[in-house]
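Colleague: Structure below; questions to follow.
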């Protein structure tokens, strides 16, 4: 089962990639940096969800 944190993290990560690309395209360094930060936050949340899901699977069996 997919944890909601995995989904939210993937969405945040994708949004960060878009923000970084737009920032690069328009020469906005702040937006580019925010996009990278969003990606890192999304990856962290996604990985948290994966670990949480794996622990729940192990405790059920």
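Derivation of every value follows stated rules applied to the coordinates shown; laboratory data play no part. This one's a predicted model, so the numbers in the text were calculated from it and none came from an experiment. Counting neighbours? That spans all protein chains shown, and the Cβs are built from the backbone with ideal geometry, glycine included.
Colleague: Quick one: which of 4, 46 is in contact (Cβ under 8 Å) with a residue 12 or more places away in the chain and loosely packed, with under 13 Cβ neighbours inside 10 Å?
Modeller: Answer to the selection: 4.
Colleague: Run residue 14 past the list (1) assigned to a helix (DSSP H, G or I); (2) loosely packed, with under 14 Cβ neighbours inside 10 Å; (3) in contact with a helix residue (DSSP H, G or I) (Cβ under 7 Å, 6 or more places away or on another chain) and report the number of the one that doesn't hold.
Modeller: Only one criterion is unmet by residue 14, namely (3).
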